[in-house]
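J.: Before I ask anything, let me first share the structure, which is written out below as structure tokens.
The values are calculated or read from the model by the stated rules, or taken from the named source; none is laboratory data. Remember, it's a predicted structure, so these values are computed and weren't measured experimentally. Ideal geometry is used to build each Cβ from the backbone, glycine not excepted, and the neighbour counts take in all protein chains shown.
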Amino acid sequence: MTTNKELNIDSFDVSKDQEITIRRCTLEDLDGVIEVNEKELPEDYPYFFYKSILDNYPESFLIAQNSSGKIVGYIMWRVEKSPSLDSLRYINKGHLVSIAVSNEYRQQGIAKQLLSNSMLAIKKYKIHDYVLEVRVTNYNAIRLYEQYKFQIANVKKNYYRDGENAYYMTLNAKKY
């Protein structure tokens, strides 16, 4: 059993009457996470996918919750083993699976808080690199990742179901 202190990571004010809490996701939060995802992103995942991420990487599956208890954003990572480009060994990569913030809560620093807190949490898995895919037209997200020094490594053609390309962005974990 976890205590509330173990789940809470950060709280901050986004307006005079609205506080946002960043905390670890729980099983009870998954329906709210799915609701944000389905409303804000074209990519949908089945329930078991979210649960698998939560079961395997709970420290880096975070939610943003308003003072009324409504989930207004989330971020989830997983760890993947990949061959190293400079040696004959496998390395752990922290892969940003998904991040979303409800439209009415954007441009308030929530995505930045989710990203910074979760990047620290996924480091527990001794990752060598952070990696992610982002739509080439998602300029706000690209700018956010660039603030953290992510760099575009390549373009994945037709990556998304609708045929849009994705930038594959990377950051060496030692740099964060």
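J.: Please give the number of the condition Arg78 fails out of (1) farther than 22 Å from Asp29 by Cβ; (2) in contact with a Phe, Trp or Tyr (Cβ under 9 Å, 6 or more places away or on another chain).
T.: Result: Arg78 fails condition (1) only.
J.: Looking at Leu132 and the list (1) more than 13 Å from the chain's Cα centre (by Cα); (2) assigned to a strand (DSSP E or B), which single condition is not satisfied?
T.: For Leu132, the exception is condition (1).
J.: A further question on this structure: Within region 74-91, identify whether any single residue is polar (S, T, N, Q), in contact with a strand residue (DSSP E or B) (Cβ under 6 Å, 6 or more places away or on another chain) and in contact (Cβ under 8 Å) with a residue 60 or more places away in the chain, and answer yes or no.
T.: No, region 74-91 contains no residue that is polar (S, T, N, Q), in contact with a strand residue (DSSP E or B) (Cβ under 6 Å, 6 or more places away or on another chain) and in contact (Cβ under 8 Å) with a residue 60 or more places away in the chain.
J.: For region 154-171, enumerate the residues that are touching a residue at least 24 places away in the same chain (Cβ under 8 Å) and in contact with a strand residue (DSSP E or B) (Cβ under 6 Å, 6 or more places away or on another chain).
T.: Tyr159, Glu164, Asn165, Ala166, Tyr167, Tyr168, Met169, Thr170, Leu171
J.: Among the residues of region 82-110, write down those that are within 22 Å of Glu40 (Cα to Cα), aliphatic (A, V, I, L, M) and surrounded by fewer than 21 Cβ atoms within 10 Å (Cβ to Cβ).
T.: Within region 82-110, Val97 is the sole residue that qualifies.
J.: Same structure again: I'd like to know if region 147-159 contains one or more residues that are surrounded by 12 or more Cβ atoms within 10 Å (Cβ to Cβ), within 12 Å of the chain's Cα centre (by Cα) and closer than 30 Å to Gly69 by Cβ.
T.: no
J.: Quick check on Ser118: is it within 25 Å of Asn154 (Cβ to Cβ), of a type in the set (Gly, Ala, Ser) and outside any strand (DSSP E or B)?
T.: Here the answer is yes, as Ser118 does meet what is asked.
J.: Right, next: Just checking, does region 53-69 include any residue being closer than 25 Å to Asp162 by Cβ, surrounded by 13 or more Cβ atoms within 10 Å (Cβ to Cβ) and out of contact with any Ser or Thr (no Cβ under 8 Å at 6 or more places or on another chain)?
T.: Among the residues of region 53-69, at least one is closer than 25 Å to Asp162 by Cβ, surrounded by 13 or more Cβ atoms within 10 Å (Cβ to Cβ) and out of contact with any Ser or Thr (no Cβ under 8 Å at 6 or more places or on another chain), which makes the answer yes.
J.: Do we have Lys123 as closer than 19 Å to Thr170 by Cβ and in a helix (DSSP H, G or I) here?
T.: Details: closer than 19 Å to Thr170 by Cβ: yes; in a helix (DSSP H, G or I): yes.
Spelling it out, Lys123 is indeed closer than 19 Å to Thr170 by Cβ and in a helix (DSSP H, G or I).
J.: Looking at this structure, is Ser60 among the small types (Gly, Ala, Ser) and touching a residue at least 12 places away in the same chain (Cβ under 8 Å)? Explain how you work it out, then say what you get.
T.: Details: among the small types (Gly, Ala, Ser): yes; touching a residue at least 12 places away in the same chain (Cβ under 8 Å): yes.
The answer is yes for Ser60.
J.: Can I ask one more? For Phe48, all conditions in the list (1) more than 25 Å from Asn138 (Cβ to Cβ); (2) modelled with pLDDT under 95 hold save one; what is the number of the exception?
T.: Evaluating Phe48 over (1) more than 25 Å from Asn138 (Cβ to Cβ); (2) modelled with pLDDT under 95 leaves (2) as the failure.
J.: Among Asn158, Asn92, Asn140, which is farther than 30 Å from Glu19 by Cβ and not in a strand (DSSP E or B)?
T.: Going through Asn158, Asn92, Asn140 in turn, the sole match is Asn158.
J.: So, one more: Across region 51-89, what is the total count of residues that are closer than 15 Å to Ser118 by Cβ and in a helix (DSSP H, G or I)?
T.: 6
J.: For region 33-50, how many residues are of a type outside the set (A, V, I, L, M, F, W, C), without any contact (Cβ under 8 Å) to a residue 40 or more places away in the chain and part of a helix (DSSP H, G or I)? Steps first, answer last, please.
T.: Looking only at region 33-50, we keep the residues that are of a type outside the set (A, V, I, L, M, F, W, C), and these are 35, 37-40, 42-47, 50.
Checking which are without any contact (Cβ under 8 Å) to a residue 40 or more places away in the chain leaves us with 35, 38, 44, 46-47, 50.
Filter again for part of a helix (DSSP H, G or I), leaving 35, 38, 47, 50.
Of the residues in region 33-50, 4 are of a type outside the set (A, V, I, L, M, F, W, C), without any contact (Cβ under 8 Å) to a residue 40 or more places away in the chain and part of a helix (DSSP H, G or I).
J.: Can you tell me which residue is surrounded by the fewest Cβ atoms within 10 Å (Cβ to Cβ) among those in region 111-140 that are of a type in the set (Lys, Arg) and in contact with an Asp or Glu (Cβ under 8 Å, 6 or more places away or on another chain)?
T.: Our first condition is that a residue be of a type in the set (Lys, Arg); within region 111-140, this holds for 112, 123-124, 126, 135.
From what is left, the residues that are in contact with an Asp or Glu (Cβ under 8 Å, 6 or more places away or on another chain) are 124, 135.
Working: Lys124: 12, Arg135: 18.
The qualifying residue surrounded by the fewest Cβ atoms within 10 Å (Cβ to Cβ) is Lys124.
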